Amino acid sequence: MVTTFENDEYVYDALKAGANGFLLKRTRPEEILQAIRMVANGDSLLFPAAIRALAAEHAPSGGAGPAPGAPWHGRLTEREADVLRLMAKGRSNAEIAAELYVSPQTVKTHVGNLLGKLQARDRTQAVILAYETGFITPG
């Protein structure tokens, strides 16, 4: 989504509606091209500052860990949980792979498994769900 408005509620609504990224119109053309390439490669265009702002406003308060009512509670492997936490920090598949010392294809496999378990359409929706259920808390 490209917009002139820098409003957290618009970002949240756009992501909930299925947008894979959010850019301001004042973004430089080369950054827009990079964003398009990222989304085309399956990554989401979520920057850590935007994620923290959204999480602070929309995540439930409380401790870390999934909400007991979350349908995927307890079904994530430790590695899938690690990948989800790094996705929530705005990391790309390549960055996650480097941080976890695995191949990018392994990360793609974990992301695919996460999406299935969370019943999420894409990485963006998975991260939103992780914040909304309290699996990941702001900060």
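Looking only at segment 66-85, which residues are out of contact with any helix residue (DSSP H, G or I) (no Cβ under 7 Å at 6 or more places or on another chain) and at pLDDT below 90? Talk me through it step by step, then tell me what you get.
Start the filter on segment 66-85 by keeping residues that are out of contact with any helix residue (DSSP H, G or I) (no Cβ under 7 Å at 6 or more places or on another chain), which leaves 66-71, 73-74, 77-78, 81, 85.
Answer for segment 66-85, where residues must be out of contact with any helix residue (DSSP H, G or I) (no Cβ under 7 Å at 6 or more places or on another chain) and at pLDDT below 90: Pro66, Ala67, Pro68, Gly69, Ala70, Pro71, His73, Gly74.
Does Ala98 fit the bill of being surrounded by fewer than 16 Cβ atoms within 10 Å (Cβ to Cβ), farther than 21 Å from Gly18 by Cα and of a type outside the set (Val, Ile, Thr)? Quick ask: steps written out before the conclusion?
On the way: surrounded by fewer than 16 Cβ atoms within 10 Å (Cβ to Cβ): yes; farther than 21 Å from Gly18 by Cα: yes; of a type outside the set (Val, Ile, Thr): yes.
Judged against the criteria, Ala98 is a match.
Show me the helices (runs of 4 or more DSSP H) entirely contained within segment 1-65 in which 2 or more residues are surrounded by 11 or more Cβ atoms within 10 Å (Cβ to Cβ), small (Gly, Ala, Ser) and modelled with pLDDT under 60. Before you say what the answer is, go through the steps one by one.
On the way: elements: 8-16, 29-40, 48-58.
Qualifying helices (runs of 4 or more DSSP H): 48-58.
Step by step: first the residues of segment 91-139, then only those that are in contact with a Gly (Cβ under 9 Å, 6 or more places away or on another chain) and among the polar types (S, T, N, Q), then the one that is nearest to Leu76 (Cα to Cα). Which residue is that?
Top of the filtered list is Thr133.
Give the number of residues within segment 111-126 that are modelled with pLDDT of 90 or more and closer than 13 Å to Gly42 by Cα.
Number of matching residues: 3.
Which of the residues belonging to segment 78-98 are within 19 Å of Phe135 (Cβ to Cβ) and assigned to a helix (DSSP H, G or I)? Steps first, please.
In the first step, residues of segment 78-98 are kept if they are within 19 Å of Phe135 (Cβ to Cβ); the result is 78-91, 96.
The answer is Glu78, Arg79, Glu80, Ala81, Asp82, Val83, Leu84, Arg85, Leu86, Met87, Ala88, Ile96.
Could you grab me the full set of residues in segment 101-123 that are touching a residue at least 60 places away in the same chain (Cβ under 8 Å) and either touching a strand residue (DSSP E or B) at 6+ places or on another chain (Cβ under 8 Å) or surrounded by fewer than 20 Cβ atoms within 10 Å (Cβ to Cβ) (or both)? Let's see the steps before the verdict.
Narrowing segment 101-123 to residues touching a residue at least 60 places away in the same chain (Cβ under 8 Å): 108, 111, 121-123.
Those that are touching a residue at least 60 places away in the same chain (Cβ under 8 Å) and either touching a strand residue (DSSP E or B) at 6+ places or on another chain (Cβ under 8 Å) or surrounded by fewer than 20 Cβ atoms within 10 Å (Cβ to Cβ) (or both): Lys108, Arg121, Asp122.
The values are calculated or read from the model by the stated rules, or taken from the named source; none is laboratory data. Just so it is clear, the model here is predicted, and its values are computed rather than measured. Note that we place each Cβ from the backbone using ideal geometry, even for glycine, and neighbour counts take in every protein chain shown.
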